[in-house]
């Protein structure tokens, strides 16, 4: 087990290194001067040239990359003398657009994205698996048909339509939920306000994902019901309810967990549309803005973060799978 | 010998998009304690459908079942065809058990062997967890699993195919049923393991004084363990009789065809003598004898009724009966000549 985790960690580190190098290279070879962002409107060529040297943008790409990497572990100081400023470790660089250390920016937006993803995950698992069970249990009867209608609607409606519709009707026209103008509150400070703040974004995301999970659960359950070992259970005299909720559902659990883990990882990378519609200052919006503005340090940091989340979730899913499926052994 | 199972005029049909499939069309047979009765036939002949009917494992609404399946629940006879779902469930695994063709896929991959066995006991004896697990280990030991207490804590994938079939047998015997249905119990196993499983079944049959209904297409297995044989074709029994009669003096042309198509080592230069043609579709059976299009003996039928009427199950001996329009005397002469040629 430890050996497995060690090997996977090494693999993860290499992946992250490659991902960061590629992103770094793409932005370095673009015909764009990062030093031009370092001073305001009354910029002169001389100031830019001076800043370029002062901040190390004149150095070869590999040196800059090395500075970036070492910053993650050692922190980084920019400039010199009285004008010097520093970002403590782990430093992912400094955003001149926002005049802030990237790490601080991540620290602000990450909780929002995690809250969004976790809440939506819980919602869509409950809704999707629940509907899938109902659909499989009442195959070809009206509950099944009803769930097919939901699946069809939810998969064909893009999140910007459901999101906007919820926002317009529930918040603006009916005043059920106030527009979240006063911003994010941590769940630990005020759980009620936290839920009100996130409820519409959660629903928006959950609807889109629940459709996939409904279809998956229904198909997997019906397939499992045709397995020989289900017939064996019936032949033992096991009742239909136990056959369904113990023998059948148990077999569907492992693939469902895998799916959920990977979808969750994808969401941490940023639900850009949902965050934009509901004005949530999460990772998705941070990434979008930084790409538009050539804010290289932020793009690098969010990309690496997304890669780390995907790798870690994969690791967790693999370990969970080994727990759920006795045929899988981690070596 | 006390009778345990009496199937009378069983009809099972399924509605499909193409029409009504008459999978079992008037099957009657009996099974007594201590004997093994085989149902032989090729795929689609209705042998598995017959056995699933005894277990009441057809889905309500999908299968149309008529006739009667009178089954001894430890002395009390019950008609499976007319029982409610709960009443059938109560019989399954207790009065009648079933083992299946593929032991690889018949055990739940996620549950420990011991728990899967114990479940069969707990269903019929709720709450007796300790007894159930003790019984599971006892049964594993009985079917020849070494270190049963340790193996009970393992998962199915840690067992070989033959061992898994032993586990299936142990599971079927958890509640000491009187009737065991074995649906192709050795088909998925190696030949060497096949013999072991068959020997085990014979041993357990004596120990539990069970009646075994053996479903198979393998005449070798039939010769080895069956006392009586029912040969099925297109949903009907075309010949029934004691095992020796079936092998040494068959009376149905289809049975003869089956015997002739068994590969023989001594004649390895010869092509296999397969029965020509295909079994008929069960949706629109021809009006005459279903085997007529493939039959070599049609011209011997005096009344040439092969294409117009279905033959009845008749015989000069009360225990050995067959369906054919050709006079029985002529048939036995013709078939004897064929068998002689085969053995030469």
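Computed values, structure above
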quantity: Selected from B:31, B:204, B:272 as most flexible by GNM, with chain B as the system and alpha-carbon contacts under 10 Å; calculated: B:272
quantity: Longest to shortest principal axis, alpha-carbon extents of the stretch B:1-66, angstrom; calculated: 45, 25, 18
quantity: Kirkwood Rh and Cα Rg combined as Rg over Rh, evaluated for the stretch B:138-267; calculated: 1.03
quantity: Whole-number D in µm²/s for the stretch B:182-257 (Stokes-Einstein; Kirkwood sum over Cα pairs; 37 °C, 0.692 mPa s); calculated: 247
quantity: Whole-angstrom gap from the stretch A:87-126 to the stretch A:155-224, using each part's C-alpha centre; calculated: 20
quantity: Cα-only radius of gyration and Dmax that characterise the stretch A:191-310, units Å; calculated: 20.6, 67
quantity: Extent along principal axes [Cα atoms of the stretch B:103-176; Å; largest to smallest]; calculated: 31, 21, 20
quantity: As computed over the stretch A:2-102, the Cα convex hull volume per residue (Å³); calculated: 114
quantity: FRET efficiency, 1/(1 + (r/R0)^6) with R0 25 Å, evaluated for residue B:17 and residue B:285 via beta carbons; calculated: 0.85
quantity: Footprinting exposure proxy for B:88, B:215 (fewest neighbouring C-beta atoms within 10 Å first); calculated: B:88, B:215
quantity: For peptides B:219-228, B:115-124, B:129-138, sequence by mean Cβ density within 10 Å, most packed first; calculated: B:115-124, B:219-228, B:129-138
quantity: Rounded to whole Å, sorted largest first: equivalent-ellipsoid semi-axes of the stretch B:63-111, Cα gyration tensor; calculated: 25, 14, 11
quantity: Pair-distance profile P(r), taking every C-alpha pair of the stretch B:33-141, with 10 angstrom steps and integer %; calculated: 12, 36, 37, 15, 1
quantity: Other protein chain Cβ atoms within 10 Å, averaged over every residue that makes up B:108-121; calculated: 4
quantity: Gaussian network model of chain B, Cα within-10 Å springs - most flexible of B:39, B:237, B:91; calculated: B:91
quantity: For residues of B:85-95, the mean tally of beta carbons on other chains within 10 Å; calculated: 3
quantity: GNM top mover of A:234, A:52, A:42 - chain A, alpha-carbon springs below 10 Å; calculated: A:42
quantity: Rg over Rh, two decimals, the stretch B:160-217 (C-alpha only, Kirkwood Rh); calculated: 0.93
quantity: Expected-Rg normalisation [2.2 N^0.38 Å, Cα atoms] applied to the stretch A:174-243; calculated: 1.93
quantity: Separation of alpha-carbon centers, the stretch B:87-127 and the stretch B:195-262, rounded to whole Å; calculated: 26
quantity: Diffusion coefficient, µm² s⁻¹, Stokes-Einstein with Kirkwood Rh over alpha-carbon pairs of the stretch A:103-324 at 20 °C and 1.002 mPa s; calculated: 112
quantity: Ordering of B:289-297, B:310-318 by burial proxy (mean other Cβ atoms within 10 Å per residue, highest first); calculated: B:289-297, B:310-318
quantity: Compactness of the stretch B:52-209 as Cα Rg over 2.2 N^0.38 Å, two decimals; calculated: 1.04
quantity: Debye intensity ratio in log₁₀ form over the Cα atoms of chain B, taken at each q of 0.09, 0.14, 0.15 Å⁻¹; calculated: -0.52, -1.16, -1.29
quantity: Cβ neighbours within 10 Å from other chains - mean over A:223-235; calculated: 6
quantity: Cα centroid separation - the stretch B:31-85 against the stretch A:270-292, whole Å; calculated: 64
quantity: Convex hull of the protein assembly as shown built on C-alpha atoms - directionally averaged projected area, nm²; calculated: 43.2
quantity: Cα convex hull of the stretch B:226-323, projected area averaged across orientations, nm²; calculated: 7.4
quantity: Over 19 Å [Cα-Cα, the stretch A:45-130], rounded percent; calculated: 54
quantity: Highest to lowest packing among B:2-15, A:274-287, A:3-16, A:25-38, scored as the average C-beta count within 10 Å; calculated: A:274-287, B:2-15, A:25-38, A:3-16
quantity: Per-residue Cβ neighbour rank within 10 angstrom, fewest leading, B:254, A:65, A:213; calculated: A:65, A:213, B:254
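A short reminder: the numbers here are calculations on the coordinates, not readings from a lab. Everything quoted here is computed from the prediction, not taken from an experiment. Every residue, glycine as well, gets a Cβ built from its backbone with ideal geometry; the counts of neighbours run over all protein chains shown.
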